[in-house]
Amino acid sequence: MKQVHALERLEQGVLDDAVPLATLLRQVVVIGGRASSRALQDWALQELKGYTDPNVELPDYRRCHALIQTDSRSGAWEARGRTISVLDLPEGARKFVSEEVPIAFSVGKLQAMVSSAKPEEPIKLSPPGAAELARIMTYEQRGRGVLVESVYWSVHISVLQDILDQVRTRLAQFVAELRSAMSDGSDEPTADQVHKAVQSIHITAGDNSPVNVTAPLAYAGQEAEATATAAADNQKRRLWPRRPQ
């Protein structure tokens, strides 16, 4: 039986959309380890585990624009998916929440979200401190009897699909760069060839695209309301100013 080398296996998988990205990225981790390429390993591991470290920059392709929406009600009406402006947010929140959304989930999580989402319905992602933000907005509208139940980004499924496609495309570029550098008959790239391939397609842990993620994002299903993550609260500091007494 012919031995299938690591690069050949990766090349076959990249060209087969049925092969999960997580499987391909694990192969890249191994290739990066053999070549002592920390940049390649870091990038692949971040994609596998998610960009959970607030000190690690997000790649450009993981930043997107989305509508800011709220679910709210009063005694006389109910409004779901109401689009608001950044200026409708409390002043202290505007530096933390904008229409630019950092997507920090692992590729496995993204794939699961895409698979379970309904094409006609947006995916709700919660900004940092979303629960407290909703409470402040409710307080500010107390004279009208409005209850703001949740604040979230409304993200179309195509945005997440594009992120997954961008990762696969970078893997294809990586393989192509290696193949062009390797001599005929070579089965495995040299360490120097791996390093040059990583540099040529700009695969780094942060992709030179600074985005400061102040807290992980939370995911809510199509019927569920977006809820805030507890990470920021666990840091024992408030993202928003205290409500007036």
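Just so it is clear, none of the values below were taken in a lab; they were calculated from the coordinates. Computed from a predicted model, the values in this text were never measured in an experiment. Neighbour counts are summed over all protein chains in view; Cβ atoms, including those assigned to glycine, are modelled from backbone coordinates with ideal geometry.
Observations, loosely collected:
- Directionally averaged projected area (convex hull, Cα atoms, region 28-157), nm²: 9.6
- When only the Cβ of Lys, Arg, Asp and Glu is charged (+1, +1, -1, -1), the dipole of region 1-47 relative to its Cα centre reaches about 260 debye.
- Near Cys64, the amide H atoms lying under 5 Å from its own belong to Val101, Ile103; only residues 5 or more places off or on other chains count, and H is placed 1.01 Å from N.
- Full extension of the chain between Arg38 and His5 gives 9.8 nm of extra length, using 0.36 nm per residue less the Cα-Cα distance.
- Protection proxy ranking of 26-36, 68-78 - average other beta-carbon atoms within 10 Å, highest first: 26-36, 68-78
- Distance between modelled label sites at Ala22 and Asp192, nm, 7 Å Cα→Cβ extension: 3.8
- Here r is the Cβ-Cβ distance between His156 and Asp184 and R0 is 45 Å; the resulting FRET efficiency, rounded to 0.05, is 0.50.
- Relative contact order, percent, region 105-190 [alpha-carbon distance under 8 Å, six or more residues apart]: 32
- The magnitude of the dipole of region 39-104, with charges of +1 and -1 set on the Cβ of Lys/Arg and Asp/Glu and taken from the Cα centre, is near 240 debye.
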